[in-house]
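Input: a single structure, listed below in structure tokens.
The values are calculated or read from the model by the stated rules, or taken from the named source; none is laboratory data. All of these numbers come straight from a predicted model, not from anything done at the bench. All Cβ positions, even for glycine, are placed from backbone atoms using ideal geometry, and neighbour counts span all protein chains on display.
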Amino acid sequence: MTMTTTPVLQKVDLQIANKTCRFCGAGLERTFVDLGMSPLCETYPSVAELNQGEVYYPLHVYVCDRCWLVQLEEYESAENIFSDYAYFASYSDSWLKHCEKYCTDMAARFALGKGSFVAEVASNDGYLLQYFVRMGIPVLGIEPAANVAKAAIEKGVPTLVRFFGTKLAKEMAAEGRCADLVAGNNVLAQVPDLNDFVEGLSILLKPDGVLTLEFPHLLRLIEQNEFDTIYHEHFSYFSLISTIKIMEAHGLRVFDVDELKSHGGSLRVYACRASSRKHMTEPAVQKVIGDEVAAKLDRTEGYNDFAGQVKETKLALVDFLLTAAREGKRVAGYGAPGKSATLLHYCGIGKDLIEYTVDRSLYKQGRYLPGTRIPIFHPDRIQQTKPDYVVILPWNLKDEIMKQLAFIREWGGRFVVPIPKVAVY
Ligand SMILES: [Zn+2]
């Protein structure tokens with residue numbers, strides 16, 4: 001018996017010993033928050049899949065004591081998650097407005113025109129590049145999910161179905177296809193091999209080219225208690241402090257940063273090659289670093305209270321829903337975003353507390369939320385069933401959604417926003 005059990009134990013020990021930082025390789029020992037087990041959040045079971053099981057993975061988040069990168073271990077290969085990705089970026093109106101403004105701003109600030117070249121990694125369905133195309137600026141999208149890339153090509157956005165990294169960047173550089181502007185929106189968090197990806201971005205830039213990256217800001221995640229933005233598809237969570245370390249390691253200099261409202265508070269980081277003299281470092285960089293230092297994100301103290309804060313949110317939300325259930329109120333959800341999987345699993349909320357949800361995405365309608373199997377319907381269902389409460393799962397779009405659904409007031413319906421803490425409107 002000893003012969004068979006010993007090697008198994010050794011294997012487990014090795015796995016623990018091998019937990020290392022995705023960026024700097026230091027050992028990971030400090031827990032940021034442990035959200036328990038959760039299924040992959042972008043796999044929506046269909047009716048035919050209802051009697052099959054789903055795989056759950058731990059959502060245990062660590063913070064690296066050396067570089068302050070907050071991170072999840074990778075449990076599923078990126079190919080598995082992203083090859084038939086359900087997220088079509090074009091569905092939100094406010095997001096599209098944000099993207100159009102980005103394109104006009106970048107074209108003006110960096111004097112982009114017909115002779116320029118703009119590349120975007122994880123270009124999704126062409127939601128962003130379409131605005132550069134309208135301005136006559138040559139573009140290339142790089143998108144690994146074939147079904148999503150197809151939608152981009154159909155709307156006239158040239159798109160390469162590939163994973164991005166140094167291999168593809170070197171091929172493009174060898175063909176003389178380096179870019180004046182490289183955009184990466186909400187992709188950095190989803191990259192398992194962070195160093196290969198950022199090195200690739202550096203290779204893809206022209207000598208004075210500009211890289212912009214948008215990602216949720218760790219400072220806001222902590223302040224606003226946005227724990228549901230932690231899910232398996234997001235491997236890393238960035239402060240500006242950790243981002244600068246990563247950029248510098250790959251020969252890039254961060255010269256400006258915008259603080260954005262999108263996704264509950266994001267950063268747009270502007271970087272260029274460290275050798276470029278064209279772009280002056282703007283005061284905003286020092287300002288954001290100052291905010292992060294004030295929140296102690298450059299030392300362990302800044303990371304210690306988050307887990308307790310998250311637990312408090314769970315207790316308040318579950319309290320509210322249990323009371324509503326006892327009073328016989330009908331509760332529906334709105335939206336089926338990836339983040340709802342984390343919220344619902346961590347809080348232990350199922351169909352008994354939220355009857356159904358609705359979503360504008362045709363892909364999701366008629367399917368079920370992962371794990372909880374809460375059914376997803378067309379938004380008309382709300383008008384038909386007249387629930388007492390509508391829980392807004394994509395709380396970052398709450399203003400837009402409350403406007404669209406203002407009609408629930410006719411029957412006394414009210415909105416529930418779960419994050420940063422339960423609020424009823
Ligand atoms: Zn590290």
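Annotations for the structure displayed:
- Pairs with Cβ under 9 Å, 6+ apart, first in the stretch 95-117 and within 15 Å of Ala179 (Cβ to Cβ) and hydroxyl-bearing (Ser, Thr, Tyr), second at pLDDT 95 or above and in a loop (DSSP other than H, G, I, E, B): Ser116/Phe110; Ser116/Ile137; Ser116/Pro138
- The number of residues in the stretch 364-381 being surrounded by fewer than 16 Cβ atoms within 10 Å (Cβ to Cβ) and in contact (Cβ under 8 Å) with a residue 60 or more places away in the chain comes to 2.
- Among (1) at pLDDT 95 or above; (2) closer than 28 Å to Phe407 by Cβ; (3) surrounded by 19 or more Cβ atoms within 10 Å (Cβ to Cβ), the one test that Leu297 misses: (2)
- The set of residues in the stretch 194-215 being outside any helix (DSSP H, G or I) and within 17 Å of Val63 (Cα to Cα) is empty.
- In the stretch 169-183, the residues that are in contact with a helix residue (DSSP H, G or I) (Cβ under 7 Å, 6 or more places away or on another chain) and not in a loop (DSSP other than H, G, I, E, B): Ala169, Lys170, Met172, Ala173, Ala179, Leu181, Val182
- So Thr104, is it away from the ligand (no atom under 16 Å from the Cβ) and modelled with pLDDT under 85: no
- Residues located in the stretch 26-64, provided they are within 16 Å of the ligand (Cβ to nearest atom) and polar (S, T, N, Q): Thr31
- Of everything in the stretch 32-79 that is touching a Phe, Trp or Tyr at 6+ places or on another chain (Cβ under 9 Å) and of a type in the set (Asp, Glu), the residue that is modelled with the lowest pLDDT is Glu79.
- Checked against (1) over 20 Å from the mean Cα position of the chain (by Cα); (2) more than 16 Å from the ligand (Cβ to nearest atom); (3) in a helix (DSSP H, G or I), Lys245 passes all but condition (2).
- Unmet criterion (only one of (1) at pLDDT 90 or above; (2) away from the ligand (no atom under 16 Å from the Cβ); (3) of a type in the set (Lys, Arg)) for Lys11: (1)
- Among the residues of the stretch 216-225, those identified as outside any helix (DSSP H, G or I) and either surrounded by fewer than 23 Cβ atoms within 10 Å (Cβ to Cβ) or free of Cβ contacts under 8 Å to residues at least 24 places away in the same chain (or both) are Gln224, Asn225.
- Among the conditions (1) away from the ligand (no atom under 16 Å from the Cβ); (2) at pLDDT below 80; (3) out of contact with any Ser or Thr (no Cβ under 9 Å at 6 or more places or on another chain), the only one that Asn18 does not satisfy is (1).
- Hey, Tyr356 over 26 Å from Leu218 (Cβ atoms) and either buried (at least 21 other Cβ atoms within 10 Å of the Cβ) or modelled with pLDDT under 95 (or both) or not: no
- Tally, over the stretch 153-183, of residues that are surrounded by 18 or more Cβ atoms within 10 Å (Cβ to Cβ) and modelled with pLDDT under 95: 1
- Within the stretch 293-336, the set of residues being touching a residue at least 40 places away in the same chain (Cβ under 8 Å) and hydroxyl-bearing (Ser, Thr, Tyr) comprises Thr300, Tyr303, Thr313, Tyr334.
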